[in-house]
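Written out below as structure tokens is the structure these notes cover.
The values are calculated or read from the model by the stated rules, or taken from the named source; none is laboratory data. This one's a predicted model, so the numbers in the text were calculated from it and none came from an experiment. Positions of Cβ are backbone-derived with ideal geometry, glycine not excepted, and every protein chain shown enters the neighbour counts. Surface accessibility is based on the protein's heavy atoms, side chains included, excluding ligands, DNA and RNA. Shrake-Rupley method; radii C 1.70, N 1.55, O 1.52, S 1.80 Å.
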Amino acid sequence: MIESDESKLKIGTALLKKGFAKMQKGGVVMDVTNSEQAGIAEDSGAVAVMALERVPADIRADGGVARMADPAVIQEIMDSVNIPVMAKVRIGHFAEAYALESLGVDMIDESEVLTPADPFYHVDKRKFKVPFVCGCRNLGEAVRRIWEGAAMIRTKGEAGTGNIIEAIRHQRMVQGMIKKVGDMDNSELHKLAKEYSESYINSIKTITGETVNDDTLIFEEYTYKVVKNGIYKILDDIKRVHQRLPVVNFAAGGIATPSDAAIMMLLGSDGVFVGSGIFKSNNPKERAKAIVEAVANYNDPEIIAKVSKNLGDAMPGLEIEKIPQGELFQERGW
Amino acid sequence: MVKNLSIGVLGIQGDVSEHVISMRNAFDKTKKANGEVFIVKYKEEIDDIDALIFPGGESSTISNILYKSGLFETIIDRIKDNSLPIIGTCAGCILLAKKIVGKTNDDLKLLNAMDIEVERNAFGRQKFSFERNININGFTKPYYAVFIRAPRIIKTSGNCEILAKIDKKIIMARQDKFLALSFHPELTRDTRIHEFFINMIV
């Protein structure tokens, strides 16, 4: 891109990746499956689109293995809008991620909505030039993904249900624990860092059957000691510097109405992902606009009431208890 | 006597809190003025500020909500009075322009504050986003600048002054009390650009 002075510039740094995520704050990222939907999303004020072959509600209904979308679909969407385009890869599927990076998507979502690819590891996101967003249900998952290089965290919720309860559960789990971390002393923080590193140990124990010590490699080229210290450092930063997650934190998984979006913002989210909620409703254009306005004005009930009028039917919802065992997306990843 | 300034950061969308912090730090460093910095979202709040910051974010989203909320008209009125200095970073740079060149969304309403024409995403997609030193006219030392899916200024006219370029591409310009930047001074700790803006308006 820049012809001269190539040696002086840096690309793909943590600052650029986290910076990209910051530019999304206060915005709505919408799932779209073609250029027409992408155009509707852009016109309604979305900050970015998530390019997919099927929205989560259809992935849930269809069953089977859900993979990265056809790059031709993603490319068509990239060519049709000015706003950033994100796309999903399966948990741990770094080859899909490299393919999306080469295609030029602006952010990769390592997503539980697709069928996980690796039973042991998430992607080492530091190795990429493009930023990643990852799901979490609690602070432990969030901190592990941040340690692995995620530039943005989204609480998982339960995608494709149009039911907000899981999104709220996960945001409260994260926020509540952040508060608790604020009151912890140093030894408690170290203890929590150790607890949050457990799942890496479980993976390596399953693979080699050996006991783990400080020098055992437990994730890519990183030893247990390095992982534990890295996680401690993030927790210490949360306590002393940020009093919140150190990266941008969006809500996802079940947002179907302007009020759903507003409550997630009021609970401390920096923005929202709306998956099936828009294009599975019977008036996507108006609903998309309404949700954008609701996020921008989340603390103004008059505006929420106004934009909620006459939107028609929201997407049909699903009760979480009615979802068969083992079919919850949120339980994928660790 | 040291002046007291009220600076608003447009709180519709984008990296709003980063600008609040940078501007507060700039006030702590400069002796030229005291100031308070707060987020503005509503028409009524525009009357109370001496200057406005347009943060980075998505220009189409910010423009869209600006227009729907009526803020757009209020800000335009104060631009026409020449009573509201504005600094625009990245998305903000686009909104200050009079024209967008290239592929564009028809809905994008511009404030037409500066005689600049801009191109969105002029350096490519996110994987081509970059950070590097730049030279700014009047700054004694280089400035380390962060460009994220950055726009560039294609053309300036009138009394618009070009302040920085990289590889012949204009990335910073000033006209009267408006300052447009392709990059994000709010993402680093160097507050010289925010201080420069304070100097512009006192």
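The table below lists the values:
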| quantity | calculated |
| --- | --- |
| Only one of A:Val307, A:Val295, A:Val274 that is among the β-branched types (Val, Ile, Thr), farther than 30 Å from A:Pro246 by Cα and at pLDDT 95 or above | A:Val307 |
| The one condition in (1) in a loop (DSSP other than H, G, I, E, B); (2) within 14 Å of chain B (Cβ to nearest Cβ) that A:Ala314 fails to fulfil | (2) |
| Flag for A:Val65 being without any contact (Cβ under 8 Å) to a residue 60 or more places away in the chain, more than 10 Å from chain B (Cβ to nearest Cβ) and of a type outside the set (Gly, Ala, Ser) | yes |
| Counted residues, segment A:9-46 - those being open to solvent by less than 10 Å² (accessible area, probe 1.4 Å), touching a helix residue (DSSP H, G or I) at 6+ places or on another chain (Cβ under 7 Å) and part of a loop (DSSP other than H, G, I, E, B) | 3 |
| Hits in segment B:100-131 - residues which are at pLDDT 95 or above and in contact with an Asp or Glu (Cβ under 7 Å, 6 or more places away or on another chain) | B:Arg125, B:Gln126, B:Lys127 |
| Per-region count, segment B:120-154, residues within 11 Å of another protein chain (Cβ to nearest Cβ), under 16 Å from the mean Cα position of the chain (by Cα) and under 23 Å from B:Arg189 (Cβ atoms) | 6 |
| Near pairs, Cβ below 9 angstrom, 6+ apart or cross-chain, from segment A:220-235 (at negative phi) to any residue that is among the charged types (D, E, K, R) and assigned to a helix (DSSP H, G or I) | A:Val227/A:Arg144; A:Lys228/A:Lys194; A:Ile231/A:Arg144; A:Ile231/A:Lys194; A:Tyr232/A:Lys194 |
| Filter result for the condition that a residue is within 30 Å of B:Leu10 (Cβ to Cβ), surrounded by fewer than 24 Cβ atoms within 10 Å (Cβ to Cβ) and basic (Lys, Arg), over A:Lys239, A:Lys225, A:Lys280, A:Lys306 | A:Lys306 |
| Scope segment B:155-202; condition open to solvent by 20 Å² or more (accessible area, probe 1.4 Å), within 15 Å of B:Ala122 (Cβ to Cβ) and within 14 Å of chain A (Cβ to nearest Cβ); matching residues | B:Lys165, B:Asp167, B:Lys168, B:Lys169 |
| Pairs where the first residue, in segment B:30-54, is closer than 20 Å to B:Phe178 by Cβ and of a type in the set (A, V, I, L, M) and the second is open to solvent by 80 Å² or more (accessible area, probe 1.4 Å) and part of a strand (DSSP E or B), C-beta under 6 Å, 6+ apart | B:Ala33/B:Lys3 |
| Residue check, A:Leu52 more than 8 Å from every other protein chain (Cβ to nearest Cβ), without any contact (Cβ under 8 Å) to a residue 60 or more places away in the chain and closer than 17 Å to A:Val274 by Cβ | yes |
| Which listed residue, of B:Lys141, B:Lys168, B:Lys177, is basic (Lys, Arg), in contact (Cβ under 8 Å) with a residue 60 or more places away in the chain and over 29 Å from A:Ser80 (Cβ atoms) | B:Lys177 |
| Selection count where residues are surrounded by 24 or more Cβ atoms within 10 Å (Cβ to Cβ), more than 14 Å from every other protein chain (Cβ to nearest Cβ) and more than 14 Å from A:Gly254 (Cα to Cα), scope segment A:148-164 | 2 |
| Members of segment B:112-133 found to be touching a strand residue (DSSP E or B) at 6+ places or on another chain (Cβ under 9 Å) and part of a loop (DSSP other than H, G, I, E, B), listed by number | B:Asn112, B:Ala113, B:Met114, B:Asp115, B:Arg120, B:Ala122, B:Phe123, B:Arg125, B:Ser129 |
| Enumerated strands (runs of 3 or more DSSP E) restricted to segment B:1-88, each holding at least 1 residues that are more than 14 Å from chain A (Cβ to nearest Cβ) and surrounded by fewer than 15 Cβ atoms within 10 Å (Cβ to Cβ) | B:3-10, B:33-40 |
| Segment B:134-154, residues that are in a strand (DSSP E or B) and either among the charged types (D, E, K, R) or open to solvent by less than 30 Å² (accessible area, probe 1.4 Å) (or both) | B:Ile134, B:Tyr143, B:Ala145, B:Val146, B:Phe147, B:Arg152, B:Ile153 |
| Residue satisfying all of: in segment A:47-74; aliphatic (A, V, I, L, M), over 30 Å from B:Lys109 (Cβ atoms) and in a helix (DSSP H, G or I); most open to solvent (accessible area, probe 1.4 Å) among these | A:Ala61 |
| Residue within segment B:93-109 that is open to solvent by 20 Å² or more (accessible area, probe 1.4 Å), more than 9 Å from chain A (Cβ to nearest Cβ) and in contact with a helix residue (DSSP H, G or I) (Cβ under 6 Å, 6 or more places away or on another chain) present | yes |
| Matching entry among A:Pro301, A:Pro246 (being more than 22 Å from A:Val55 (Cα to Cα) and open to solvent by 60 Å² or more (accessible area, probe 1.4 Å)) | A:Pro301 |
| Residue that is among the acidic types (Asp, Glu), farther than 20 Å from A:Met152 by Cβ and modelled with pLDDT of 95 or more, where the choices are A:Glu327, A:Glu286 | A:Glu286 |
| Scope segment B:1-24; condition farther than 23 Å from A:Asp270 by Cα, in contact (Cβ under 8 Å) with a residue 60 or more places away in the chain and not hydrophobic (A, V, I, L, M, F, W, C); matching residues | B:Lys3 |
| Criterion violated by A:Ile83 - all others in (1) within 14 Å of chain B (Cβ to nearest Cβ); (2) out of contact with any helix residue (DSSP H, G or I) (no Cβ under 9 Å at 6 or more places or on another chain); (3) among the hydrophobic types (A, V, I, L, M, F, W, C) satisfied | (2) |
| Candidate set from segment A:88-113 (those that are buried (at least 23 other Cβ atoms within 10 Å of the Cβ) and closer than 10 Å to A:Val130 by Cβ); member that is nearest to the other protein chains (Cβ to nearest Cβ) | A:Asp106 |
